[in-house]
Every structure is written in C-alpha cells, then in structure tokens.
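To start, the structure under review is shown below, and the notes come after it.
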Protein chains: 2
Amino acid sequence: MIESDKPLAQKNRNRVSTSIDVAKLAGVSQSAVSRAFTPGGSVSEETRAKVLKAAKALGYRPNAFAKGLITQQSGLIGIVFPSTQSPIYTQALQYLTRALVAEGYSSILIPFDTYADGDHSIPQLFHYRVEGVIVMSSTLESHLVEECLDLNIPVVQLGRVARGANTNCVVCDNASGGVMAAELLVARGCLRPAFIAGDHATSTNRERESGFCRRIEQLLGYPPLVYQANFSYEAGGAAARELLVMPSPPDGLFCATDLIAIGVMDVAREMGLSIPDQLQLIGFDDIPQAAWVGYQLTTFSQDIERIAEESVRILLCQIKRDDNRCTHLILPVTLVQRGTLRELTG
Amino acid sequence: MIESDKPLAQKNRNRVSTSIDVAKLAGVSQSAVSRAFTPGGSVSEETRAKVLKAAKALGYRPNAFAKGLITQQSGLIGIVFPSTQSPIYTQALQYLTRALVAEGYSSILIPFDTYADGDHSIPQLFHYRVEGVIVMSSTLESHLVEECLDLNIPVVQLGRVARGANTNCVVCDNASGGVMAAELLVARGCLRPAFIAGDHATSTNRERESGFCRRIEQLLGYPPLVYQANFSYEAGGAAARELLVMPSPPDGLFCATDLIAIGVMDVAREMGLSIPDQLQLIGFDDIPQAAWVGYQLTTFSQDIERIAEESVRILLCQIKRDDNRCTHLILPVTLVQRGTLRELTG
DNA sequence: CTGAAAGCGCTTACAG
DNA sequence: CTGAAAGCGCTTACAG
C-alpha cells in the first residue's frame with residue numbers, strides 16, 4: 001500500500017505546471033499568461049508582473065512542443081556531425097551550438113552514420129520539423145541535403161561543397177592555401193614538390209590539391225607528384241614510407257591536413273631525415289598538435305569560429321526571410337609560420 | 001503580381017502533410033493512420049498497407065511535436081558537452097548519439113558554457129521537456145543536475161562524480177589506474193615518483209591522484225611529489241620545466257592525462273632527457289596521440305564506447321521504469337604498454 | 001489591455 | 001479491427 005502510494009505522490013509533486021496553473025494562481029486568463037511570455041505581447045506591466053510571479057512560484061516553463069505545434073516553428077536546428085578524429089569539427093560544433101543558443105535555437109545532433117545506415121531509417125530529424133540543417137560531414141555524399149531541399153528546409157554545408165548542389169556553404173579558401181603552399185615551397189628552392197592527398201571525395205581535398213598543382217605547374221613548368229592517401233595520421237606515415245625511399249624523393253611536401261603532415265614528420269624523423277633541412281613541409285588546418293613543441297608545423301589556419309558563426313547567420317537568414325538564394329561564402333586562410341619551412345635566403 | 005504569387009505557390013507545394021491528408025488519400029480514418037504508425041497498434045494488415053502507401057506518396061512524417069504533446073514523451077535527451085580539447089569527449093559524444101538513435105531517441109546538445117552563463121538564462125532544455133540528461137562536462141559543478149532532480153528528470157554523469165550528489169554516474173576506475181601506475185613505477189626502480197595533477201575540481205583527477213599517492217606511500221614509505229597543473233598540453237610542459245631542473249628531479253611521472261604527459265615529454269626531450277632511461281612516464285586516457293610514433297606513451301585506456309553505452313542504458317532504464325535508485329558504475333581500465341616505461345629487469 | 005475560443009497534429013480511451 | 005471525439009498546452013485572431 002505504502003509502496004504504491006509513493007510513486008503517485010511523486011508524480012503529483014513533480015507534475016510540470018502549465019499556463020493554466022499559472023493563470024489560476026495569478027488570477028488572470030490563460031491568454032494573459034501566454035502574452036506575458038511572448039516578447040512584444042500586449043499585456044500591462046501589472047499583469048505581466050503578476051504572471052511572472054506566479055510562474056516563478058510554480059517553476060513554470062512554457063512547453064516548447066505546444067508552442068512549436070501552434071506556431072509551426074520548432075526552434076530546432078539539425079547538426080550533422082561526422083565520425084572523424086579531427087578536432088576541427090569538435091571546435092566547429094561548439095561554436096555552432098553556442099551561436100545557435102544565442103539566437104534562441106536548440107541543436108539536434110545527427111551522427112553521420114545514422115543517416116548513412118540506409119534509407120529505410122527515416123531520420124527522426126524530420127519528425128521534429130527542424131527549421132534548418134547544418135552539415136559538417138566532409139565525406140557525406142548522401143541525399144540528406146536533397147531531402148531537405150525537397151522539404152524546403154534550408155541547409156548550410158560547413159567546410160565542404162557538394163558537387164553541383166545549389167546549397168549554401170561556408171568554407172575556407174582551400175584553393176588559395178594550395179596556391180600559397182606552392183609559392184612558399186618553390187621560393188625555398190623546392191624542385192620536387194609533392195602533394196599528399198586526403199580523401200578524394202571531399203571538396204576540401206580537391207581544392208587544396210588543384211590550387212597547389214596549378215601553381216606548381218605555372219612556377220616550375222611541371223606538376224607536383226600527387227600521392228593519394230586519406231585524412232589520417234597513419235596515412236601520412238604510410239605515404240612517407242613510400243615516398244621518402246624513392247630514388248629522388250620529394251624535397252617539399254604539401255599535405256592535405258595537419259594530421260597527415262604530422263604522420264609524415266614522425267616517419268621522416270624515424271628515417272633520419274632532418275626537417276626542414278632535408279624535407280620541407282606544409283600542413284593545413286592548424287590543429288592544436290601542429291603547435292606542439294615536437295612538431296612546430298607550418299600550416300594554414302582557418303577561422304573556425306567565424307566559419308561557424310557565418311554558417312549560423314546564413315542559415316537563420318534563410319529561415320527568417322524564406323529566401324532561397326544560395327550563398328557560397330569563402331573565408332580567407334592565414335599562414336602560420338613555424339618550423340617546417342626553411343628561412344628565405346636573401 | 002507574379003512575384004507575390006511565387007512564394008505562396010511554394011508554400012503550398014511544400015506544405016508538410018498530416019495524418020488527415022494521409023487518411024483522406026487512403027480512404028480511412030485519421031485514427032487508422034495513427035495506429036498504422038504506432039508499433040503494436042491494432043490495425044489490419046490491409047489497412048496498414050493502404051496507409052503506408054498513401055503516406056509514402058505524400059511524404060508523410062508523423063509530427064513529433066504533436067505526438068510528444070499528447071504522449072508527454074519528448075523522445076529527446078539532453079547532452080551537456082564540455083568546451084574541452086580532449087578527444088575523449090568527442091568520441092563519447094559520437095557513441096552516445098549513436099546509442100540514443102538506436103533506441104529511438106534524439107539528442108539535444110547543450111554547450112557547457114551556455115548554462116554556466118548565469119541563472120537568468122533558463123535552459124531551453126527544459127522547455128523541450130527532455131526525458132533525461134547526460135552530463136559530460138568534467139569541471140561543471142553547476143546546479144543543472146539539481147534542477148533536473150527537482151523536475152524528476154533522470155541524469156547520468158559520464159566520466160565524473162559530483163560530490164555528494166545522489167545521481168547516476170559511469171566512470172572508469174581512476175583509482176585503480178592510480179594504484180597500478182604506482183606499482184609499475186616502483187617495480188621499475190623509481191624512488192622519486194611524482195604526480196602531475198589536472199584540474200583539482202574534477203573527480204577524475206582526484207581519484208587518479210589519491211590512488212597513486214596512497215599506493216606509493218604504502219610501497220615506498222613516503223608520498224610522491226604532487227605538482228598542481230591542469231588538463232592541458234601546455235601545463236604539462238610548464239610542469240616539466242619546473243620539476244626537471246630540481247636538485248633531485250623526479251625519476252618517474254604519473255600524469256593525470258595523456259595530454260599532460262605529452263606536454264612533459266616534449267619539454268623533457270628539449271632538455272635532453274632520454275625517455276624512459278632518465279625519466280619514466282605514464283599517462284591516462286589513451287588518446288590517439290599517445291600512440292603516435294613520436295610518443296609511444298604508456299597509458300591507461302578507458303573503454304569509451306562501453307562507458308557511453310552504459311550511460312545510455314542506465315538513463316533509459318530510469319526513464320522507462322521511473323525508478324530512481326542510483327547507479328554508480330565503475331568500468332575497468334586497461335594498461336596500454338608502449339615505450340615510456342623501462343623493461344622489467346628479472 | 002483582456003478573455004473566450006478555435007485550432008496546431010497527434011494518441012487513445014470509448015463504443016461499436 | 002474501426003471511427004468519432006476528447007484533449008495534450010500552447011498562440012492568436014476576434015470581440016470587447
């Protein structure tokens with residue numbers, strides 16, 4: 001008897017209060033409560049004060065589900081998060097959620113592989129009527145984006161450009177990074193430059209590669225060697241093991257990411273090569289590890305905070321104005337000079 | 001004229017269909033549609049087929065807001081994500097969302113500092129009536145947890161134990177790690193062991209420290225030196241710079257995290273010390289960098305995937321059964337032997 | 001400024 | 001198994 005009473009009592013004690021409860025306690029109508037919680041709602045200061053006091057006493061919090069149902073605005077943004085190791089995406093995620101919260105939105109997280117799992121698993125995402133989606137996955141070539149477009153849900157792709165899709169994207173200037181890398185290497189006397197490529201399917205990799213190759217060819221008259229790897233530390237090491245034992249090995253490497261470059265460095269040193277004397281190196285991303293004492297990797301830094309904020313800005317702009325002109329924002333990268341490039345000799 | 005027509009037409013075209021639309025097309029009642037989408041709902045196969053066909057034609061997706069409103073179950077879990085650099089949390093986040101999706105829940109992300117920002121900003125979290133919360137922040141000592149408890153919302157703390165709070169938590173066996181570290185170091189002849197501590201406010205750090213100190217004192221008859229740092233790479237380097245120039249510097253270091261240990265290694269090498277000959281080292285966490293060629297750090301690995309899955313299991317258990325008995329789950333750590341400890345001499 | 005009332009899109013007793 | 005109807009907790013014309 002006592003045992004069955006207890007859960008009941010708890011339920012009652014913890015029952016969340018509604019606007020009707022607040023209205024009763026405040027001695028006003030339920031509409032008045034709603035208005036008091038609506039920015040710009042037409043209520044007298046007196047009524048608002050009574051409502052707020054009652055609401056506080058009851059621990060009232062407007063039910064977002066009821067609100068969303070009636071206003072047809074969920075206040076929810078979907079964020080597709082990739083299953084990668086790169087700290088870049090974690091940083092982006094933090095900045096994104098922060099910016100979104102500041103604008104009054106909440107973030108629903110969609111792990112990448114959930115969606116990749118197959119078409120039959122309709123993402124819960126759409127059940128919650130997200131108002132917009134930010135896609136971070138660098139390799140995802142799925143139809144998620146198309147599905148959003150069908151449903152008229154704005155999408156911003158962060159850090160990637162899908163082929164031919166007319167969706168918004170915010171990326172750093174990968175191509176310019178490639179061009180600059182070529183110039184830096186050639187200016188320091190490199191004659192056998194190489195590019196260590198990450199995942200070929202990503203726009204990030206393709207742009208860095210083409211910028212680099214194009215400029216090398218212009219400067220040197222021949223293209224660099226291109227080694228196809230992937231975005232991991234291990235792939236960098238493997239690339240180094242193959243490339244650096246060649247008859248005339250590369251003397252300057254531009255790596256698609258810092259992680260690759262660091263993998264190269266570790267193996268190159270193991271092989272007794274000195275950096276930057278015998279091998280010069282440039283990375284991309286400026287991950288925390290690039291600044292570590294043991295690496296001091298010269299690299300390009302992207303302004304992740306700005307990329308995240310612009311993504312949110314563009315997304316919210318489309319949500320609010322319901323315009324569907326497409327924005328393709330390219331943010332500059334900055335060279336971070338550290339120790340893997342030789343000094344420029346006068 | 002044309003311009004004002006267009007948006008309207010678009011709105012219509014993209015208007016999401018409801019169960020009533022589906023019912024009309026399928027020639028059944030709206031209730032039948034609802035039942036067809038409810039697992040175990042009492043509908044004939046024939047009706048279900050008609051409904052599913054119509055639903056597919058219309059691109060119907062049940063509105064989670066309407067459903068949540070009527071069932072009083074949001075299907076949403078809040079995840080508090082810390083603003084840290086450690087890859088551990090990113091991994092945990094991926095495993096968590098994956099496990100949650102598999103169970104039919106969606107994840108709302110709460111960036112740590114949002115909530116820390118001040119009490120006046122009531123977390124949107126509660127507006128969405130999350131059914132449970134998983135807290136990952138290692139340093140957060142906020143009242144979020146208490147607030148959840150007040151509202152009878154189950155909470156699981158992942159990787160941390162709050163002082164005196166009677167909430168669920170899933171952690172790895174930090175204390176045993178400390179004990180094992182002490183034994184490993186002493187067995188290899190260390191006479192001047194030291195602990196480099198991370199953030200003092202975290203249970204993680206406290207348990208690693210106390211396990212280590214207790215066991216060192218038992219084995220050696222005196223306590224280890226304890227250097228107060230924080231959980232960063234930089235703090236490890238700073239600690240090394242101070243400790244390793246002492247008259248009789250430590251000969252064996254247990255670091256609260258791998259990141260600290262790696263910071264120590266980089267500086268120790270810069271100072272010309274050879275590892276493990278002149279300085280032995282043990283980390284904690286087994287982050288990817290610990291396995292890098294340049295470090296080969298001996299460390300303890302926690303099974304993040306299991307920790308995440310158990311957290312979800314415990315949380316859902318409390319949500320479904322509405323029992324509030326508290327679970328405190330401690331998962332074992334395993335030693336990952338690499339190169340920063342000397343060989344045991346027979 | 002205020003309240004009564006309709007309605008958002010579902011689920012679920014209730015009565016066949 | 002099926003449908004009509006109530007109701008979840010809000011917002012928002014509508015009429016004072």
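Say whether the condition of being open to solvent by 20 Å² or more (accessible area, probe 1.4 Å) and among the hydrophobic types (A, V, I, L, M, F, W, C) is met by at least one residue in the stretch B:193-208. It would help to see each step written out before you state the result.
Within the stretch B:193-208, the subset open to solvent by 20 Å² or more (accessible area, probe 1.4 Å) is B:199-201, B:206-207.
Within this subset, residues satisfying the condition of being among the hydrophobic types (A, V, I, L, M, F, W, C) are B:201.
Yes, some residue in the stretch B:193-208 is open to solvent by 20 Å² or more (accessible area, probe 1.4 Å) and among the hydrophobic types (A, V, I, L, M, F, W, C).
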- Check whether at least one residue in the stretch A:242-254 is in a helix (DSSP H, G or I) and buried (at least 22 other Cβ atoms within 10 Å of the Cβ), and report yes or no. no
A careful count of residues in the stretch A:219-237 that are free of Cβ contacts under 8 Å to residues at least 24 places away in the same chain and either within 28 Å of the chain's Cα centre (by Cα) or open to solvent by 70 Å² or more (accessible area, probe 1.4 Å) (or both) gives 2
Among (1) within 8 Å of DNA strand C (Cβ to nearest atom); (2) open to solvent by less than 30 Å² (accessible area, probe 1.4 Å), A:ALA64 falls short only on (1)
query: If we scan the stretch A:96-103, do we find a residue that is without any contact (Cβ under 8 Å) to a residue 24 or more places away in the chain, surrounded by fewer than 16 Cβ atoms within 10 Å (Cβ to Cβ) and more than 16 Å from DNA strand D (Cβ to nearest atom)?
result: yes
Residue set B:ALA229, B:ALA201, B:ALA240; condition within 24 Å of B:SER137 (Cβ to Cβ) and touching a helix residue (DSSP H, G or I) at 6+ places or on another chain (Cβ under 6 Å); output residue B:ALA229
Of (1) more than 42 Å from the chain's Cα centre (by Cα); (2) within 14 Å of chain A (Cβ to nearest Cβ), B:GLY27 fails just (2)
Exactly one of A:ILE260, A:ILE314, A:ILE319 is within 19 Å of A:THR84 (Cα to Cα), in a helix (DSSP H, G or I) and among the aliphatic types (A, V, I, L, M), and that one is A:ILE260
Does any residue of the stretch A:301-312 turn out to be away from chain B (no Cβ under 14 Å), open to solvent by 30 Å² or more (accessible area, probe 1.4 Å) and without any contact (Cβ under 8 Å) to a residue 60 or more places away in the chain? yes
Contact list, first residue from the stretch B:62-76 and without any contact (Cβ under 8 Å) to a residue 60 or more places away in the chain, second anywhere and near DNA strand D (Cβ under 8 Å from one of its atoms) and outside any helix (DSSP H, G or I), beta-carbon distance below 8 Å, six or more apart or interchain, is B:LEU69/A:ASN63
Within the stretch B:172-187, the count of residues that are in contact with a Gly (Cβ under 7 Å, 6 or more places away or on another chain) and either at pLDDT below 95 or open to solvent by 10 Å² or more (accessible area, probe 1.4 Å) (or both) comes to 3
A careful count of residues in the stretch A:16-42 that are open to solvent by less than 80 Å² (accessible area, probe 1.4 Å), aliphatic (A, V, I, L, M), in contact with a helix residue (DSSP H, G or I) (Cβ under 7 Å, 6 or more places away or on another chain) and more than 10 Å from DNA strand C (Cβ to nearest atom) gives 1
For the stretch A:43-99, the count of residues that are hydroxyl-bearing (Ser, Thr, Tyr), outside any helix (DSSP H, G or I) and in contact with a helix residue (DSSP H, G or I) (Cβ under 6 Å, 6 or more places away or on another chain) equals 3
Within the stretch A:50-75, the residues that are at the interface with another protein chain (Cβ under 8 Å from one of its Cβ atoms) and not charged (D, E, K, R) are A:GLY59, A:PRO62, A:ASN63, A:ALA64, A:PHE65, A:ALA66, A:GLY68, A:LEU69, A:SER74, A:GLY75
A careful count of residues in the stretch A:272-294 that are more than 19 Å from A:PRO193 (Cα to Cα) and of a type in the set (A, V, I, L, M, F, W, C) gives 5
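The values are calculated or read from the model by the stated rules, or taken from the named source; none is laboratory data. These numbers come from a predicted model, not from an experiment. Positions of Cβ are generated from backbone atoms using ideal geometry, with glycine treated the same way; all protein chains shown enter the neighbour counts. Note: accessible area is taken over every heavy atom of the protein model, side chains too, but ligands, DNA and RNA are not part of it. Shrake-Rupley method; radii C 1.70, N 1.55, O 1.52, S 1.80 Å.
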